1. Tell me, which helices (runs of 4 or more DSSP H) lie completely within the range 35-141 with 1 or more residues that are under 15 Å from the mean Cα position of the chain (by Cα) and closer than 22 Å to residue 253 by Cα?
2. Just to be sure before I move on: is residue 58 within 26 Å of residue 212 (Cβ to Cβ), within 16 Å of the ligand (Cβ to nearest atom) and buried (at least 19 other Cβ atoms within 10 Å of the Cβ) in the structure I sent?
3. One residue is enough: does the range 373-395 have a residue meeting the conditions within 16 Å of the ligand (Cβ to nearest atom), farther than 22 Å from residue 208 by Cβ and either free of Cβ contacts under 8 Å to residues at least 40 places away in the same chain or not in a strand (DSSP E or B) (or both)?
4. Please state which of the following conditions residue 203 fails to meet, knowing it meets all the rest: (1) away from the ligand (no atom under 16 Å from the Cβ); (2) closer than 22 Å to residue 357 by Cα.
5. State whether one or more residues within the range 129-138 are closer than 19 Å to residue 269 by Cβ, surrounded by fewer than 19 Cβ atoms within 10 Å (Cβ to Cβ) and in the same structural domain as residue 304 (by TED's automatic domain parsing).
6. From (1) surrounded by fewer than 24 Cβ atoms within 10 Å (Cβ to Cβ); (2) polar (S, T, N, Q); (3) in contact (Cβ under 8 Å) with a residue 40 or more places away in the chain, pick out the condition that doesn't hold for residue 41.
7. From 267, 205, grab the single residue that is at negative phi and either assigned by TED's automatic domain parsing to the domain that holds residue 298 or surrounded by fewer than 20 Cβ atoms within 10 Å (Cβ to Cβ) (or both).
8. Kindly indicate whether residue 8 is outside the structural domain of residue 270 (by TED's automatic domain parsing), surrounded by 24 or more Cβ atoms within 10 Å (Cβ to Cβ) and touching a helix residue (DSSP H, G or I) at 6+ places or on another chain (Cβ under 8 Å).
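The values are calculated or read from the model by the stated rules, or taken from the named source; none is laboratory data. Only a predicted model underlies this, so the values are computations on that prediction, with no experimental measurement involved. Counting neighbours? That spans all protein chains shown, and the Cβs are built from the backbone with ideal geometry, glycine included.
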Amino acid sequence: MRDGYDVVIIGGAVIGSSVAYFLTANPDFDGSVLIIERDSSFAQASTSLSSSSIRNQFSNPINVQISQFGTQFIRDFAEVMEVDGDKPDLGFHEGGYLFLAQTDTQVQILRENHAVQKSLGADVVLWDPGQIKTAFPHLRVDDLQLTSYGQSGEGWFSNTGLMNGFRNKARAQGADYLIDEVVDILRSKDQITGVALKSGRSIACGTLVNASGPRAAQTAAMAGLTIPVEPRKRSIFVFDCATTPEGSATVNRGRLPLMIDPSGTFCRPEGQYFLAGTVPADDPMVDWDDFEPRHEEFDRIWMDLANRSEAFEAVKLVNFWAGHYAFNTLDHNVIAGSHNKVRNFLFANGFSGHGLQQSPAIGRGISEWITYGEFRTLDLSEIGYDRVVRNEPFLEKAVI
Ligand SMILES: NCCCC(=O)O
């Protein structure tokens, strides 16, 4: 291990490892990379506790494009991430997302989003209640006006597979990983010069990347900087159904896509079971170490789903857990790029529940910024830190 690196990344889960992968994969980057991770088990990482899905159905063009790159990257993952003949299979199931709209406002948003998505080539269709009833006879659709379904490019996959694939390939390409905790960031005027570690060591760096998930604000504060990110708890429930809710074999082989009910409850197949979550009625910042699931949320989820389908009336809970969103309190969107004054401090933070699916494009973008001083593929400047300085939210209408 050296005393200094060109790039030090704080956080070794999917975001930090994606940045490390893209840096070390780029022949134009000839620097050294160190990733510092505080928890070698990744047991409480947002990556490990994610509901593990990707969609193109966003309202902002940049978010659609970020996911379109992610989808293709996940499709190609096994080949691109091969290390010593080992091809990581993410089990990507392109089952699609199905958004349900009940009110006039929801219909208008769905139509506006659809126009944006189609203009960018997304494979999405709008279905009326009759069409959805044909696809899924078990669904109650009387209260619905319109639905939006992603026919391809959306689905679910292995979260830890994505993280481990990035990590293994980054390592194979020369990145170093260190299990330790950053306890201070060394700064000289508007320049980050290094980090101090719990072990007592100090490591110098040319560029510092904040990929510390829900702890992003703590990390930034060590450098005397601020970022509006805090941990918000999301509980996930996996359950079995007494009666399998079958649909038309032409849509996701008869199984439900990832369905987003107008109530905010979402549900998707998880192997032979179903996985579900919801937007909490009360959504405060939680302690960084509080991972106790909110068991009472399952009552609401069950009620929402049973209202939607008779098949969800008799269910048996088989697993549950809670993870943290790295919640951006300004606008629920990722903050990607350099601090406006401390230019060698880079943020990849505030994903607000989209970190796993956005990790390929954001890792690539941050690596471009480090290598070239600019974004070369997708221009991520509208989701940079400057909007935080201006206090101007970059709103995304399709937040789950
Ligand atoms: N964040 C939970 C569902 C995944 C998504 O927003 O696409």
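1. Values: elements: 61-75, 77-80, 104-119, 129-135.
Of the helices (runs of 4 or more DSSP H) lying wholly inside the range 35-141, those with at least 1 residues that are under 15 Å from the mean Cα position of the chain (by Cα) and closer than 22 Å to residue 253 by Cα span 61-75.
2. Spelling it out, residue 58 is indeed within 26 Å of residue 212 (Cβ to Cβ), within 16 Å of the ligand (Cβ to nearest atom) and buried (at least 19 other Cβ atoms within 10 Å of the Cβ).
3. Yes, that holds for at least one residue.
4. With respect to (1) away from the ligand (no atom under 16 Å from the Cβ); (2) closer than 22 Å to residue 357 by Cα, residue 203 is out only on (2).
5. Scanning the range 129-138 turns up at least one residue that is closer than 19 Å to residue 269 by Cβ, surrounded by fewer than 19 Cβ atoms within 10 Å (Cβ to Cβ) and in the same structural domain as residue 304 (by TED's automatic domain parsing).
6. Here residue 41 clears every test but (3).
7. Step by step, each of 267, 205 is checked, and only 267 is at negative phi and either assigned by TED's automatic domain parsing to the domain that holds residue 298 or surrounded by fewer than 20 Cβ atoms within 10 Å (Cβ to Cβ) (or both).
8. No: the conditions fail for residue 8.
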